[in-house]
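Starting off with a structure, shown below.
Read the figures in this text as sums done on the coordinates, not as results from a lab. What you see is a predicted model; the values in this text were computed from it and never measured. Here Cβ is always computed from backbone atoms with ideal geometry, including for glycine, and neighbour counts include all displayed protein chains.
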Amino acid sequence: MNIISFIAYYFYLILNLNASNLKESKHTNNWAVIVSASRYWFNYRHMANALSMYRTVKRLGIPDSNIILMLADDIACNPRNVYPGKVFNNKDHRLELYGQDVQVDYRGYDVTAETFIRLLTGRLPDSTPKYKRLQSDENSNVLIYMTGHGGDKFLKFQDNHEISAQDFGDAIEQMWQKKRYKEILFMIDTCEANTMYSTIYSPNVLSVGSSPLGKKSYSHHLDEDLGVTVIDRFTYYSLEFLENIKKDSKATLDELFNSYNPQLILSDPGISTENFNRSLSETLITDFFGNVQQCKIDELTKDQFDSIKLDEEVIFESLDSYSKSPTIELPSESFNLVDYLSSLINYNTYKFINLLEVKPNKEEIGEKFWFLAVGCLAIYIVL
């Protein structure tokens, strides 16, 4: 094999190696729907619950564009708030949750059971802006977190109306039929929370609740300055575990659920894997609370494949022309050849990815291309 053939084969392998590597991911995007279903000052903790979960998924990489936050939003500016414009989940006031980077998508009386169901099922009015829509697809992992006041198979909205477990289960089924998710993690913190997932019958849904039928869920502690409790126990201990999770963590949901201590939570959290087809010990926490780190590549259409194949042929034809024309005059033959090939391979990889409309992990691509630079340097030295 002569040097020109070696160079061509080297670049060809790089292109195909990166293309095949992108196929390993199980899902291609993450979404989170976070709902505080109650209002009024004495329900301060419910807003703090939701904002705490919002902060966690943002910290682990889910962007605001993929988070739908629904809040009554009457706490931060409530006249009884001695810390105007601020919301805390602990009496030490170390972590301010509201801040300037909180994007509330639905607030006040827009937070209704009807709006929630329309959001999940994609049946919002045409006038609804893009940022207020759940734009998930069949490759999306969706976290649905809800907190508020509930009972046997219902959750109250704004102390005015309620959503039933049956309505919620039917909404999930509509999502499945319309290919709006790959997997769902449903987490709910209310009294008798576990009854809310008892009617879910759609596949690939994992559910966890704070308390069973006939049992209450309890708040964690009182902030004497505010005169109200600032977070619920189930959410508090969930967050205590999640605070130690980083974006690249390999911790599993099994570890999270095993960390629940009924003696601390003062209730018996429930977990339903009936509709979930993966082992909890193999399901990463970041599969739902974090952002996707790899992408699944769909099969190319014939036109897309022909386009990429044509560009590969351009590489070989260019190399063949170079080998047959050793007298070609260039300012620096070896440098220009390597530079040209590098541009082609990077362009083709870029085009290959964009044809598929996916966003690969930059670090993953970077790791696979480190030897490209080394190879180019070696070729430069040889030539």
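Evaluate 2.2 N^0.38 Å with N set to the residue count of segment 29-91, then give the Cα radius of gyration divided by it.
1.16
Now a separate question. What is the gain in length, in nm to one decimal, between ASP254 and SER65 on full extension, counting 0.36 nm per residue of separation less the C-alpha to C-alpha distance?
Contour length minus the Cα-Cα distance gives 65.2 nm.
5 Å is the cut-off here: which amide hydrogens, built 1.01 Å from N in the peptide plane, fall below it relative to LEU143, excluding neighbours closer than 5 in sequence?
When sequence neighbours closer than 5 places are left aside, the close amide H contacts are TRP31, ALA32, VAL33, LEU185.
Given a Förster radius of 45 Å and the C-beta distance between ARG278 and ARG80 as r, what FRET efficiency does 1/(1 + (r/R0)^6) yield to the nearest 0.05?
With a Förster radius of 45 Å, E is 0.50.
Here's a follow-up. Quick one: of LYS156/LYS216; LYS26/LYS250; LYS130/LYS156; LYS58/LYS216; LYS86/LYS130, which pairs are farther than 18 Å apart, Cα to Cα?
Pairs exceeding the cut-off: LYS130/LYS156; LYS58/LYS216; LYS86/LYS130.
What Kirkwood hydrodynamic radius do you get for segment 142-215 when you take the inverse of the mean 1/r over all pairs of distinct Cα atoms, in Å?
Answer for segment 142-215: a Kirkwood hydrodynamic radius of 12.3 Å.
Which cross-chain or sequence-distant (5 or more) residues have an amide H under 5 Å from the amide H of PHE154, H modelled 1.01 Å from N in plane?
HN-HN under 5 Å from PHE154: ALA165.
For an R0 of 25 angstrom, estimate the FRET efficiency from the Cβ-Cβ distance between LEU239 and GLN100 and round to the nearest 0.05.
The computed FRET efficiency comes out at 0.70.
Rg/Rh for segment 27-289: what does it come to with C-alpha atoms and Rh from Kirkwood?
Checking Rg against Rh, the ratio lands at 0.93.
Out of segment 57-103, which trypsin sites (Lys or Arg not before Pro) are coil in DSSP terms and have no more than 16 other C-beta atoms within 10 Å?
Sites meeting the loop and neighbour criteria: ARG80, LYS86, LYS91, ARG94.
Between segment 171-205 and segment 249-278, what is the C-alpha centre distance in whole Å?
16 Å
Whole-Hz Karplus ³J(HN,Hα) for segment 111-119, in order, using 6.51 cos²θ - 1.76 cosθ + 1.60 and θ = phi - 60°, x for Gly and Pro?
Working through the residues one at a time gives 8, 10, 4, 5, 4, 4, 5, 5, 4 Hz.
Let me ask you something else. When DSSP assigns beta bridges and you keep just the ones with both residues in segment 27-289, what percent turn out antiparallel, to the nearest 5?
The antiparallel fraction comes to roughly 35 percent.
Considering only DSSP beta bridges where both residues belong to segment 141-222, give the percentage that are antiparallel (nearest 5).
Looking only at bridges with both residues in segment 141-222, the antiparallel portion is about 35 percent.
Please work out how much length the chain gains when fully extended from THR128 to ASN261, using 0.36 nm per residue of separation minus the C-alpha to C-alpha distance, in nm with one decimal.
Full extension of this stretch gives 43.7 nm more.
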